[in-house]
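Participant: One structure, as structure tokens, below. Some questions next.
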Amino acid sequence: MKISTAITQGLFLGTPVILLIMGAVISLVLLGTINFGFGGRAKFGSVFAVWMYAMLPSCIKTILGVVVLYAGTAPESFNIKNFAPTNLGAFLNPLETNPGLYSLASSIDFVTIWSLVLVGIGTAMVAGVKRSSGYIAAFGWWAVVVMVGAGLAAAFS
């Protein structure tokens, strides 16, 4: 019991650091894509700032998940991987649906698409390239991650 409490506490306290590291890695990938793939002239700090600000709509999803949890949802039916009904996967039964299809449906999320639009606009602005280039960079990497995730979910289920 003490070990599980310590692990949970450590993960809770380490989440901000993990989010910053993930943001830095994603910003580096976007920086490389927009500068070398599309001829932009962005700096890391600018792309990192765009990423962090573009992820703010995720707070709305988190608040919605808290509302869903406290609105009377049965604790045994609460799915921590899909806690807010902002995507197609929220309306599927994860136990009866193919894991690859469920992963794909869960990725088609209103809040995620909103954030990606913000990333595309912001990245294009700080890099000095066309807005379509920012959209291609943001949605292109998102599509790669979604397809890999769906493939892994289908392969290891």
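The values are calculated or read from the model by the stated rules, or taken from the named source; none is laboratory data. Just so it is clear, the structure is predicted and the values come from calculations on it, not from any experiment. All Cβ positions, even for glycine, are placed from backbone atoms using ideal geometry, and neighbour counts span all protein chains on display.
Participant: Looking for something in a helix (DSSP H, G or I) and closer than 21 Å to L30 by Cα - is there at least one such residue anywhere in the range 95-107?
Facilitator: Taking every residue of the range 95-107 in turn, at least one turns out to be in a helix (DSSP H, G or I) and closer than 21 Å to L30 by Cα.
Participant: Continuing with the same structure: If you scan the range 1-57, which residues turn out to be free of Cβ contacts under 8 Å to residues at least 24 places away in the same chain, in contact with a helix residue (DSSP H, G or I) (Cβ under 9 Å, 6 or more places away or on another chain) and within 15 Å of S133 (Cα to Cα)?
Facilitator: L31
Participant: Which condition does L64 not pass, out of (1) assigned to a loop (DSSP other than H, G, I, E, B); (2) more than 15 Å from V146 (Cα to Cα); (3) in contact (Cβ under 8 Å) with a residue 12 or more places away in the chain, if it passes all the others?
Facilitator: The failed condition is (1).
Participant: While we're on this one: Among the numbered criteria (1) surrounded by fewer than 19 Cβ atoms within 10 Å (Cβ to Cβ); (2) touching a residue at least 24 places away in the same chain (Cβ under 8 Å); (3) within 30 Å of G45 (Cα to Cα), which one does G151 miss?
Facilitator: Evaluating G151 over (1) surrounded by fewer than 19 Cβ atoms within 10 Å (Cβ to Cβ); (2) touching a residue at least 24 places away in the same chain (Cβ under 8 Å); (3) within 30 Å of G45 (Cα to Cα) leaves (3) as the failure.
Participant: Just checking, which of I18, I80, I34 is at pLDDT below 90 and aliphatic (A, V, I, L, M)?
Facilitator: So the residue among I18, I80, I34 that is at pLDDT below 90 and aliphatic (A, V, I, L, M) is I80.
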